[in-house]
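Chemist: Got a structure for you, written out below as structure tokens; questions coming shortly.
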Amino acid sequence: MGLGGVNALCAEGADREGVRDAVDSIAELCQAEDLAALPVGRDVVVIGGGMTAVDAAVQSKLLGAENVTIAYRRSRAEMGASRYEQDLAASKGVRLMFNVQPVAVHGNGAVREVELEYTSSEGGSLTGTGETVRLKADQLFRAIGQRLEGAPESVALDGGKIAVTGAGRTSVQGVWAGGDCAAGGDDLTVTAVAEGRDAAMDIHKALVG
Ligand SMILES: Cc1cc2nc3c(=O)[nH]c(=O)nc-3n(C[C@H](O)[C@H](O)[C@H](O)COP(=O)(O)OP(=O)(O)OC[C@H]3O[C@@H](n4cnc5c(N)ncnc54)[C@H](O)[C@@H]3O)c2cc1C
């Protein structure tokens, strides 16, 4: 069942017009019949540091945005997106900012600017330095992770995902889980497919005794 929920942006004004989930906009892009009809900002800021952030930023640039910035709260080395993805973003003209977290979204109704606070990481925990910078933004994408939504209450969880043992067996007999919704493994298509295959073989074994 994947990870259908999107994490909220904890910043003042985060509900302004022009602030969107990156996943929704990528879905819209993938299904669009006419790419030229898609609304794209002039100054786009993407909050996040994973593959979704890179996808949203690169696609915004390809759609014609003038300035696209990825703002990530930790260092480059801690970014979820691989170095290849980071370089791809840079090659398309996307600017990468590290150690900044959003604190406010400014505007008069719609987003006009995003205020970012510099961060420092001490002993693994992240703290704001109090020093901020404002970036012009008429489109702001949230790409700050997805979470499990709608899992049956009877199924045990592990770290917010469905706990599994072996080939995807959950805590409930007769229920298997795999892919993004299951604990462990990478959130990658190839992993989801492999786990689906392994679970199918295990289900077959269970059914035929
Ligand atoms: C923007 C973006 C870029 C990505 N880029 C890459 C990439 O380049 N390479 C890569 O390997 N991976 C990438 N991924 C990750 C990849 O998409 C996932 O790892 C993969 O899709 C996981 O497959 P899944 O089957 O577990 O979940 P999903 O693909 O999310 O499928 C789950 C399905 O279950 C449905 N569902 C949910 N609840 C219910 C319910 N109660 N009843 C019935 N159906 C339900 C959902 O609607 C959905 O269709 C990317 C993800 C995102 C968001």
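Chemist: Would you mind working out the accessible area per residue for the chain, using a 1.4 Å probe, and quoting it in Å²? If you can, show how the numbers build up before the last one.
Modeler: Details: 11650 Å² over 209 residues.
Result: 56 Å² of accessible area for each residue.
Chemist: If you line up the long axis of helix 51-63 against the longest principal axis of the chain, both from Cα atoms, how many degrees apart are they, to the nearest 10?
Modeler: For 51-63 against the chain, the angle is about 50 degrees.
Chemist: I've got another one for you. How large is the charge dipole for the chain, taken about the Cα centre, if only the Cβ atoms of Lys, Arg (+1) and Asp, Glu (-1) carry charge, to the nearest 20 debye? All intermediate terms of the calculation are to be shown ahead of the outcome.
Modeler: On the way: 19 positive and 29 negative charges, 67 e Å.
Here the size comes out at about 320 debye.
Chemist: For a test of the definition: using alpha carbon positions, the gyration tensor, and the 1.5 limit on a/c, classify region 150-208 as rounded, prolate or oblate. All intermediate terms of the calculation are to be shown ahead of the outcome.
Modeler: Values: a/c = 2.25, a/b = 1.10, b/c = 2.05.
It is oblate, given that a/c is not under 1.5 and a/b is not larger than b/c.
Chemist: Taking all protein chains in place and a 1.4 Å probe, what share, in percent, of the accessible surface of region 94-209 do carbon and sulfur account for?
Modeler: Numbers: 3360 of 6730 Å².
Carbon and sulfur together cover 50 percent of it.
Chemist: Moving on to the next point. With n ≥ 4 as the cut-off for DSSP H runs, can you work out [θ] at 222 nm for the chain, using -39500 (n - 2.57) per run divided by the number of residues, rounded to the nearest 500?
Modeler: Working: 4 runs with 52 residues, N = 209.
It lands at -8000 deg cm²/dmol.
Chemist: Quickly work out the A110-to-L157 label distance, labels modelled 7 Å from Cα along the C-beta direction, and quote it in nm with one decimal.
Modeler: About 3.7 nm separates the two model spin labels.
Chemist: Where both residues lie in the chain, what percent of DSSP beta bridges are antiparallel, nearest 5? Walk me through the intermediate numbers first.
Modeler: Values: 23 of 42 bridges.
Beta bridges within the chain, antiparallel portion: roughly 55 percent.
Chemist: Helix 22-31 against the longest principal axis of the chain: what's the angle in degrees, Cα atoms only, rounded to the nearest 10?
Modeler: The angle comes out at about 80 degrees.
Chemist: Could I ask something else about it? Need one word for region 35-128: rounded, prolate or oblate. Basis is the Cα gyration tensor (sqrt eigenvalues a ≥ b ≥ c); a/c below 1.5 gives rounded, then a/b vs b/c decides.
Modeler: It comes out oblate by the Cα gyration axes.
Chemist: Dipole of region 12-151 (Lys/Arg Cβ +1, Asp/Glu Cβ -1, origin at the Cα centre): which of A14, Q31, T129 lies farthest to the positive side?
Modeler: T129
Chemist: Still on this model: Mind checking the angle between helix 189-208 and the chain's longest principal axis? C-alpha axes, 0 to 90 degrees, to the nearest 10.
Modeler: 20
Chemist: Additional query: Identify the GluC sites (Glu not before Pro) of region 113-176 meeting these criteria: DSSP loop state and at most 15 other C-beta atoms within 10 Å of the C-beta. Let's see the in-between values first.
Modeler: Working: sites: E113, E115, E117, E122, E131, E149, E153; in loops: E149, E153.
Within region 113-176, the qualifying GluC sites (Glu not before Pro) (loop, at most 15 other Cβ atoms within 10 Å) are E149, E153.
Chemist: Could I ask something else about it? Report the gain in length on full extension from E33 to L188: 0.36 nm times residue separation, minus Cα-Cα distance, nm rounded to one decimal.
Modeler: Result for the pair: 53.1 nm of gain on full extension.
Chemist: Report relative contact order for region 5-146 in percent, whole number only (criteria: Cα-Cα under 8 Å, sequence separation at least 6).
Modeler: Answer for region 5-146 is 33 percent.
The values are calculated or read from the model by the stated rules, or taken from the named source; none is laboratory data. Every value quoted in this text rests on a predicted model; they were computed, and no experiment measured them. Positions of Cβ are generated from backbone atoms using ideal geometry, with glycine treated the same way; all protein chains shown enter the neighbour counts. Ligands, DNA and RNA are stripped out before the accessible areas are found, and what is left, the full protein with its side chains, is counted by its heavy atoms. Shrake-Rupley method; radii C 1.70, N 1.55, O 1.52, S 1.80 Å.
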